[in-house]
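Here the structure is laid out as structure tokens; the discussion comes afterwards.
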Amino acid sequence: MSFLHFILNLILIFCASVGFAMAVQAPNRSLLITGTIGAVSYIPNIIAATLADDLYYGIVFGVASVTTLCFFAARMYHIPAFILLVPGLVPYFPGQKMYQMIMSLFQQDVDQFIENTSGFVETSLCIYGSMLIVNLALPFIVSFFKKIKQKQAKNIAD
């Protein structure tokens, strides 16, 4: 992949995230943040997918980065996390597999239907599993770092 292709993908993902945020009527102050989260999440996605040579690893790391960025941006900018999360996940949604799954069902092609359904389910499991793990782990990680910071502040004060 060339550098120009990579930059173009970042721009398109930014626009897709902002466009979807506008479609779901997200507040105007969240549009730039949502687009940035969507675009930045592409970086770990492409790195993981390239290193592992597997699309699903890229989806897991991309969704984990979206979820993590939304967790912190929601607290920083006082915007509900789901307003940032849903448009940020646009690049990872398995819409193409769902379309292919429905088309193969209408064409009564059972083998293609099964293949597309398994691709849709695998992608969905990567998305939801990654979101679940990150959402369960982040509060514990943040509280751990807060305790360390409090101990350091207490040691400095003494």
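Points worth noting:
- For the chain, the relative contact order is 22 percent, taking Cα pairs closer than 8 Å that sit 6 or more residues apart in sequence and dividing their mean separation by the residue count.
- By accessible area, using a 1.4 Å probe on protein heavy atoms only, region 34-158 has 70% of its surface on carbon and sulfur.
- Under the convention that each Lys and Arg Cβ holds +1 and each Asp and Glu Cβ holds -1, the size of the dipole of the chain around its Cα centre is about 1120 debye.
- Computed over region 67-140, the P(r) tail beyond 18 angstrom holds 51 percent of alpha carbon pairs.
- By the helix-only formula, in which each DSSP H run with n ≥ 4 contributes -39500 (n - 2.57) and the sum is divided by residues, the chain has a 222 nm mean residue ellipticity of -29000 deg cm²/dmol.
- With respect to the chain, whose longest principal axis is taken over its alpha-carbon atoms, helix 95-106 is tilted by about 30°.
- Tilt relative to the chain, helix 31-40 - C-alpha long axis, 0 to 90 degrees, to 10: 80 degrees
- Kirkwood hydrodynamic radius over Cα pairs of the chain, then Stokes diffusion coefficient at 37 °C and 0.692 mPa s, in µm²/s: 190 µm²/s
- Crossing angle, helix 3-23 versus the chain [Cα axis fit, 0-90 degrees, rounded to tens]: 90 degrees
- In this structure the chain gives 65 Å² per residue of accessible area when probed at 1.4 Å with all protein chains present.
The values are calculated or read from the model by the stated rules, or taken from the named source; none is laboratory data. For clarity, every value in this text was computed on a predicted model and none was experimentally measured. Heads up, the Cβs are rebuilt from the backbone with ideal geometry, glycines too, and the neighbour counts pull from every protein chain shown. These area figures cover heavy atoms from the full protein model, side chains too; ligands, DNA and RNA do not enter into them. Shrake-Rupley method; radii C 1.70, N 1.55, O 1.52, S 1.80 Å.
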